[in-house]
Structures are given as structure tokens and as C-alpha cells.
């Protein structure tokens with residue numbers, strides 16, 4: 001499954017396509033001018049641990065099939081191409097746009113147990129000036145996981161910094177949340 005996801009990511013992010021035309025001897029490299037789209041039925045479907053920047057989610061509540069049936073698809077894509085050429089629209093996101101995309105994609109993300117525990121155990125709201133170094137094994141113990149595998153990606157995505165102190169490897173993270181007992 002993970003290997004399939006890696007292949008899919010590699011394919012969709014490739015900037016060129018290389019293929020041999022019928023009866024040609026050599027392959028030709030063409031810049032890719034493709035967008036991929038898909039539909040899903042569930043609200044939680046994003047599960048890429050390395051980030052979901054490849055996906056722009058457009059929630060659709062209702063489709064007017066009368067409009068769709070009468071849509072001139074060639075004119076639609078012609079207009080898109082015209083806008084692209086006339087306005088010199090860029091095909092990448094600036095850092096601020098990428099941050100907005102990531103924030104909007106959060107509500108569609110599938111969280112694994114490590115991510116849920118990291119959200120629950122750390123006080124992510126606290127100012128970074130109060131963040132301190134914690135060894136990887138201490139964090140794994142607090143999260144009640146047997147291995148530090150999987151922790152790194154999640155902590156880095158949350159803003160923690162991987163570092164080494166002497167012989168110990170760990171992360172600069174916010175303090176743990178203090179449980180309140182009544």
C-alpha cells in the first residue's frame with residue numbers, strides 16, 4: 001500500500017512525460033500539462049505522512065446536472081488556457097498559499113494513532129520560547145509506543161525541531177499537557 005502511494009505521488013508530481021510515438025525509433029520528452037482530479041465519498045481521505053500539498057480539495061455540496069449536460073467542455077478548457085496564457089498564471093504555490101492549502105486540507109486528513117497522541121499529549125498552543133528538548137525515547141514512552149518510528153514525521157509537521165544533545169537525539173517541543181484530576 002505504501003509503495004503504491006509512493007508510485008502514485010511520483011507519477012502525479014512528474015514534470016515531464018517520456019514516450020515513443022508509434023513507429024518512432026527514439027523516445028521524446030514532453031513537459032507535462034496535466035491536472036488530475038478525483039472524487040471521494042468520505043470526508044477523511046488524506047493520509048500522506050509527508051504532506052498533502054499535491055491536493056486542492058474543493059468540497060461540493062450539490063451538482064446541477066442540467067448545467068453539466070449543456071457544458072461545452074472544449075470551450076471551458078479553451079478559456080482556462082486563455083487565462084493561463086494572458087495572465088501568465090504560475091503553476092506553483094508561494095509559501096503563504098501553500099500554508100493556506102495545508103490548513104484547508106487539515107479537515108480532510110486521516111490521523112493515525114501516533115498523530116492523535118501527539119496532539120493530545122503536547123500543549124501546541126504555547127509560545128515557542130517555552131519549548132524544550134525532549135529525548136526521543138522519553139517522547140515514545142509518554143506516547144506509549146514501542147518505537148520512535150513514525151514520531152519524527154508527525155513532530156516535524158507540527159513544528160518540532162529534531163536535534164541532538166550530547167549522545168541523545170530528540171526534539172524541541174512544547175511542554176506536555178498536565179492532566180487535570182478531580
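Annotations
- Near pairs, Cβ below 8 angstrom, 6+ apart or cross-chain, from the stretch 10-24 (closer than 17 Å to residue 37 by Cβ) to any residue that is surrounded by fewer than 10 Cβ atoms within 10 Å (Cβ to Cβ) and at pLDDT below 90: 12/36
- One residue stands out among those in the stretch 83-104 that are surrounded by 11 or more Cβ atoms within 10 Å (Cβ to Cβ) and in the same structural domain as residue 56 (by TED's automatic domain parsing): the one that is nearest to residue 32 (Cα to Cα), which is 93.
- Whichever residue in the stretch 144-180 is at pLDDT 90 or above and crowded, with 16+ Cβ neighbours inside 10 Å and, among such residues, is farthest from residue 119 (Cα to Cα): 170
The values are calculated or read from the model by the stated rules, or taken from the named source; none is laboratory data. As the structure is a prediction and not an experimental result, all values here were calculated from the model. In this analysis, Cβ positions are derived from the backbone assuming ideal geometry, glycine residues included, and neighbour counts consider all displayed protein chains.
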